[in-house]
Each structure stands twice: as C-alpha cells, then as structure tokens.
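Only one structure is covered here, and it is reproduced in the block below.
The values are calculated or read from the model by the stated rules, or taken from the named source; none is laboratory data. All figures in this text were calculated on a predicted structure; none of them were measured in a lab. Backbone-built Cβ (ideal geometry, glycine too); neighbour counts: all protein chains shown. The accessibility values were calculated without ligands, DNA or RNA, using every heavy atom of the protein model including side chains. Shrake-Rupley method; radii C 1.70, N 1.55, O 1.52, S 1.80 Å.
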Amino acid sequence: MKSQRALGLAYLTPYVVGLLVFTMIPFVASLYLSFTKYDLMSAPKWVGFDNFVKLFTRDRTFWKSLNVTLLYVFLTVPLKLAFALFIAAILNYRLRFINFFRTAFYVPSILGGSIAIAVLWRYIFASEGLANMALDLVGLGPVDWFGDPGNALFTITLLRCWQFGSAMVIFLAALQSIDKSLYEAARIDGASQTRIFFAITLPLLTPVIFFNLIMQMVQAFQEFNGPYIITQGGPLKATYLLPLYIYEEAFKKFNMGYASAIAWVLFVIITVLTLVAFWSSKKWVYYAGDKRS
Amino acid sequence: MDIHADMDMDGFNEARAARRARLRALSAALRYLMLFTVGLVMLYPLIWLVGASFKTNAEIFSGAGFIPRHPTLDGYIEGWRTSTPYTFGRFFWNSFLIILPKVIGTAISCTMAAYAFARFDFPLKKVLFTSVIAILLLPNVVTRIPQYMLFRDLGWLDSFLPLWVPSAFAGDAFFVFMLVQFLRSLPADMEEAARVDGANSLQTLVYIVVPMLAPALISVCLFQFMWTMNDFLGPLIYLSSVEKYPVSLALKLSIDTTEAFEWNRILAMSVLTITPALVIFFAAQRYFIEGISAGGVKG
C-alpha cells in the first residue's frame, strides 16, 4: 500500500513540479508584482496600491479598454452559444449527411485563432471586400466594418461566432444522449415541438450550456489575436481589449508592475463572473437524478 | 354502421398520415436549406481564400467569385521568397521544431499524470486533482509576466525552450483532465492481470495502459499540434530573431513588410499556413470530434 502511494506520487512528479514552477509561483509573483514598479532593469520597487489607484482614477485607457472588453464578452459569448445550440438542434434530427455538415461547420474552429484567419478577415471585411460585395448583391449599402469605431468590435465578434464549431459539437453530443423515450412520451401527450424543446431539451442541456458558458467566457476575456492582427486595437481604441493593453504595457513598454496590476484586475473580473455563474447554476442547471424539480 | 365508421376512420387516418408525411418532408427540406445556407456562409470565406490566392492582385477586390480569371502562381512564388533572408520553408521547419518536442512532452507527461490520478491513491490526491480544474480555468494572462521573467533569468529568451518546457511538465491541464476521464472509464482488469503476472507499474503503463489510451492520446496529440501551429502570442513574446520565427509570426511579419497592394502573396502564404491543420483534421476528424465531445474544448 505504501509503495502504491509512493508510485502514484512518482508518476505525478512532473505535473506537480510544473504546477509549482509554471503556475503557482508565477501566480503569487504576479500578485506581488502588481504592487511594485518594475522595468526589468532594476529590482522591483514596492509602491503599495499606487498601480491600482492610478488604474482606477487616472487611467482613461484602462477604463476604455475595460468597457470594450466587457462589451466584447457579453456580445460574443451569448451569440456564439445561441448559434451553436441552434445549429446543433437542427443537426440532431435524423438527417442524412449529418456527419458532412458537422464536419463543415467544425472546419472554421480548427483554424481557430490562427493568424491566417485573422488575415482573411481583414480582406473579407475590407471596404471593397467580400462582405460588402455580398451586401451589395442584396441591395444594402457598404458598411465600414473596421474604420467605424461602432462596428469594429462587432466584426471581431463575428469572427469568433464563425468559430462556433466546438461548442456545437459538445451540444450535439449532449443532444444525442438525451433519452428518446422522453420525447415519445411528450408527443403522445400532444406537446408541440416548441414546447418539447423548452420543456425537455433545454433543461437537460443546462449542464452543457453551463460548461460551454464558462469555457467560452474565460476564453473571450483573453482574446488577443483577433484585435491584434485585424484592427491593432483601433480605431480610437474601439477594439483595444485588456489583453492587448497588458501585452503592450508588459512587453512593449516593460512596465511589468503596472501590467501585472491590469492582469490581476482582469483575473478578478473573470473569477467573480465564474463564481457568479457557479452560484447561479444551482438555480438553473438541472442534473439528472436531482430531486429538485 | 360499424363498417362505415371503420372506413371513415381509415380515410381519416390516411389523410392525417399523409398530412404528417408532407409536414415532415417540408420540415426536413427547411432544415436542409438552413444547413446548406449556413454551411455556405461558413465555408465560402475559406473557398474564396484559396481561389484568391491564385488571382492577380488586380483581380482580388474586383469580384466576389472565387475562380481566378487569370490564374497565377505569383502569390506563392513571391510569398514563399518573403522579404527576409529566409524562405517560408525555414518558417515551416521552425514550426515543426517547436511542435514535435512539445507534442511528445505533452503526451508523456500528461499520460503519467493521468495514470497517477486514475489508478493510484496518494495523499493530497483530491487537492491535486482540483488543481487540474483550477489551471483549466485560470487565465494565462495572470501568470504570463512572471513566467517571462523566469525564462529570462534562465537565459531561455529567443529559444524554443519556453514553448517546450511547460508542456513537458503536463502544463496543459485540459489534456490531463481528458486522459483521466478516459482512463477512469476503462476497467482495470487487464492491469491487474499484468500485475499478477509480475509486471511492474511502468511495464503495465507502457504495455497495457498506453495501448488502451491510444484513441484519447491521438486526440491529445492532434489538439496540441493544432494549438501550437496556431499559437501566436507565445512565439511573439519569446522569440525575437526572425530566423527562429514559426509560420504564425512569419505571416504577421509578411503583412507588416509587404507592399500594401501585394495582396496575393499574403493570401497565398495564409493558405499554406492553414494547410497542415486542414489536412490533419480531415485525415483524423473522428479523433477531434470524439476528443471535444469527451472533454469539451476551447476553440
């Protein structure tokens, strides 16, 4: 038994070392750094809450960036999930070629955050690009996708919604695991398709919706490649998400202390929202075998 | 009377069945139409990308069609040459040099961790497994700066080490999680039998567990390949000399350094950089779909 324990820990050693060296220590170190002024040249200098005071009271870039980030997350995550669920629900019927469609819809996700796709987006949404040509065909005027601060963020949201594939595959797997007899019983009782969807399908999907919600949210808060390549944070900082701001403070200006402070604010926001999601999940997530109705 | 009623019922049922069949056909047609439209919108940008990479620069913004009127390989030839002293071949080679050790390190370290979690009991197991979930949810942005300082102090900047090493220590918690879930669903009978026959735990791991884990391990390797191929921020932070750039950085570089109207070069190189991922995806899509369905995935 004792050797069993030693063996288990032995196999886990690489993970534990990695956990300490690459996650735990950096995690604590970044909290410490957020209370310092540090330019990589001289030793970090303790400045107390100065960084945070500056962030919240004097840094207009930060407020702009925070605003844009929240807007981006609250726009992208629900749109992407709703779209993924909608398509998964259509695919769930016993259609032929379902595998073909599933593959086709998944392809954009495979290319994920690749630079090539961000490049493609620049071309498609250029003023004379594919998107405006398509709009022209249906008689709609050209849209200034990137030049207009009101549109630029939405164009990046579109890019991420286009990559709804992995959320869709998870939804589809969950849909296919729903017990078919539930549907038959409902149909015999004369329930309509809409009613069946909202009374049976949706409640049974809530655990997966919850999972997708958390994963997509954590990911959306860290969006970097899209705005960095497509809009460089512009125009007028309309797509200047917090990860871009952190990157520029840390790796362009080498204000490591200040950048850590921003990173921690972002971290706290993500954590609070995740906790809110977990807390609220008791009210809306349904687990099979649960006594509550 | 009875006979009449029966006949009426039959006629009624027939009409109802026919109506239902019509409705079903209509709804199926609607669904196909919807799927087809969405599919077209989803895939057309990619089709256009491939077509446009063979167009002349004058033609790229002149129409929405994807078939080039005057097909040319100029984009590929000029783009491959790049404005640096290196060709794109060099950047592909760099990407390969980053990916291969990273994938191997990931596979080995994550398998070991998953084996420990799924098959052994040890102190702090619960806490440690919770840490896997915690890392899964922890935004990288909060650890990035101290990690950078660590690698700087080790003298690893401008080398591939910062990209390889964290993965070799099972740093990608998602894969550990996925393998643990998979391994827990497999019975331990074979391993017991091997132990009775005198195999030690390492032999059991290599000869029994790894072959059983193979489908999940393939998913792990494929996803790691894909993510590393697409990774931009890691190389952007750690690599400074052009000779070490992977394709993602090289593509960004070519946007910055190419003349504003040489669109086809950039499009051609974009096509090349996504080709490996697409080829691997189509060759092994089963593992991707199963991988995501099993654990849920970012992306």
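Answer yes if at least one residue in the stretch A:55-74 is within 14 Å of chain B (Cβ to nearest Cβ), open to solvent by 20 Å² or more (accessible area, probe 1.4 Å) and over 19 Å from the mean Cα position of the chain (by Cα), and no otherwise.
There is no residue in the stretch A:55-74 that is within 14 Å of chain B (Cβ to nearest Cβ), open to solvent by 20 Å² or more (accessible area, probe 1.4 Å) and over 19 Å from the mean Cα position of the chain (by Cα).
Based on this model, can you work out whether A:Leu182 counts as assigned to a helix (DSSP H, G or I), open to solvent by less than 20 Å² (accessible area, probe 1.4 Å) and either touching a helix residue (DSSP H, G or I) at 6+ places or on another chain (Cβ under 7 Å) or modelled with pLDDT under 90 (or both)? Give the steps one after another, and end with the answer.
Working: assigned to a helix (DSSP H, G or I): yes; open to solvent by less than 20 Å² (accessible area, probe 1.4 Å): no; either touching a helix residue (DSSP H, G or I) at 6+ places or on another chain (Cβ under 7 Å) or modelled with pLDDT under 90 (or both): yes.
No; evaluated as a whole, the condition is false for this residue.
I'm told A:Ala134 meets every condition in (1) facing chain B (nearest Cβ under 10 Å); (2) more than 21 Å from the chain's Cα centre (by Cα); (3) touching a residue at least 24 places away in the same chain (Cβ under 8 Å) except one. Can you identify the failing condition by its number?
Of everything listed in (1) facing chain B (nearest Cβ under 10 Å); (2) more than 21 Å from the chain's Cα centre (by Cα); (3) touching a residue at least 24 places away in the same chain (Cβ under 8 Å), A:Ala134 misses just condition (3).
With the requirement that a residue be more than 9 Å from every other protein chain (Cβ to nearest Cβ) and open to solvent by 10 Å² or more (accessible area, probe 1.4 Å), what does the stretch A:257-276 give you?
A:Tyr258, A:Val265, A:Val268, A:Ile269, A:Val272, A:Leu273, A:Leu275, A:Val276
Collect the residues in the stretch B:63-97 that are in a helix (DSSP H, G or I) and buried (at least 21 other Cβ atoms within 10 Å of the Cβ), keeping them in residue-number order. Spell out how you get there, then give the answer.
The first filter runs over the stretch B:63-97 and keeps only residues in a helix (DSSP H, G or I), leaving B:74-81, B:88-97.
Result: B:Gly75, B:Gly79, B:Phe88, B:Phe91, B:Asn94, B:Ser95.
Just one of A:Tyr106, A:Tyr123 is within 19 Å of B:Arg286 (Cα to Cα) and modelled with pLDDT of 85 or more; which is it?
A:Tyr106
Name the residues in the stretch B:33-58 that are more than 10 Å from every other protein chain (Cβ to nearest Cβ) and more than 18 Å from A:Val119 (Cα to Cα), would you?
Of the stretch B:33-58, the ones more than 10 Å from every other protein chain (Cβ to nearest Cβ) are B:33, B:37, B:47, B:50-51, B:53-58.
Matches in the stretch B:33-58: B:Leu33, B:Thr37, B:Ala58.
Do you know which residues across the stretch B:144-168 are in contact with a Ser or Thr (Cβ under 6 Å, 6 or more places away or on another chain) and not in a helix (DSSP H, G or I)? Show your work before the answer.
Filtering the stretch B:144-168 down to residues in contact with a Ser or Thr (Cβ under 6 Å, 6 or more places away or on another chain) leaves B:145-146, B:158, B:167-168.
Hit for the stretch B:144-168 is B:Asp158, nothing else.
Where in the stretch B:178-270 are the helices (runs of 4 or more DSSP H), entirely inside, with at least 3 residues that are open to solvent by 30 Å² or more (accessible area, probe 1.4 Å)? Show your work before the answer.
Details: elements: B:189-196, B:201-204, B:210-230, B:233-238, B:247-257.
By residue number, B:189-196, B:210-230, B:247-257.
Do we have any residue at all in the stretch B:113-128 that's in contact with a Ser or Thr (Cβ under 6 Å, 6 or more places away or on another chain), open to solvent by less than 20 Å² (accessible area, probe 1.4 Å) and either touching a residue at least 12 places away in the same chain (Cβ under 8 Å) or within 25 Å of A:Ser260 (Cβ to Cβ) (or both)? Before you say what the answer is, go through the steps one by one.
Applying the first criterion (in contact with a Ser or Thr (Cβ under 6 Å, 6 or more places away or on another chain)) to the stretch B:113-128 yields none.
No, every residue in the stretch B:113-128 fails to be in contact with a Ser or Thr (Cβ under 6 Å, 6 or more places away or on another chain), open to solvent by less than 20 Å² (accessible area, probe 1.4 Å) and either touching a residue at least 12 places away in the same chain (Cβ under 8 Å) or within 25 Å of A:Ser260 (Cβ to Cβ) (or both).
Considering only the stretch A:116-125, I want to know if a residue exists there that is surrounded by 15 or more Cβ atoms within 10 Å (Cβ to Cβ) and more than 9 Å from chain B (Cβ to nearest Cβ).
Yes: one or more hits.
Which residues, counting only those in the stretch B:20-62, are open to solvent by 100 Å² or more (accessible area, probe 1.4 Å), farther than 29 Å from A:Cys161 by Cα and modelled with pLDDT of 85 or more?
The one that is open to solvent by 100 Å² or more (accessible area, probe 1.4 Å), farther than 29 Å from A:Cys161 by Cα and modelled with pLDDT of 85 or more: B:Arg22.
For the structure I just gave you, tell me whether A:Thr157 is open to solvent by 10 Å² or more (accessible area, probe 1.4 Å), among the polar types (S, T, N, Q) and touching a residue at least 40 places away in the same chain (Cβ under 8 Å). So that I can check it myself, show each step before the final result.
On the way: open to solvent by 10 Å² or more (accessible area, probe 1.4 Å): no; among the polar types (S, T, N, Q): yes; touching a residue at least 40 places away in the same chain (Cβ under 8 Å): yes.
The answer is no for A:Thr157.
Taking interchain pairs and intrachain pairs at least six residues apart, which have beta carbon atoms under 8 angstrom, with the first residue in the stretch A:22-49 and at the interface with another protein chain (Cβ under 10 Å from one of its Cβ atoms) and touching a residue at least 40 places away in the same chain (Cβ under 8 Å) and the second open to solvent by 100 Å² or more (accessible area, probe 1.4 Å) and outside any loop (DSSP other than H, G, I, E, B)?
A:Tyr38/A:Lys45; A:Pro44/A:Tyr32; A:Pro44/A:Lys37
Taking A:Phe254 as meeting all but one of (1) open to solvent by 20 Å² or more (accessible area, probe 1.4 Å); (2) touching a helix residue (DSSP H, G or I) at 6+ places or on another chain (Cβ under 6 Å); (3) farther than 23 Å from A:Trp145 by Cα, write down the number of the exception.
Looking at each condition in turn, A:Phe254 falls short on (2).
Working only within the stretch B:104-127, note down all residues that are assigned to a helix (DSSP H, G or I) and within 7 Å of chain A (Cβ to nearest Cβ).
If we filter the stretch B:104-127 for residues that are assigned to a helix (DSSP H, G or I), which is where we start, we get B:104-119, B:125-127.
Selection gives B:Ser109, B:Met112, B:Ala113, B:Tyr115, B:Ala116.
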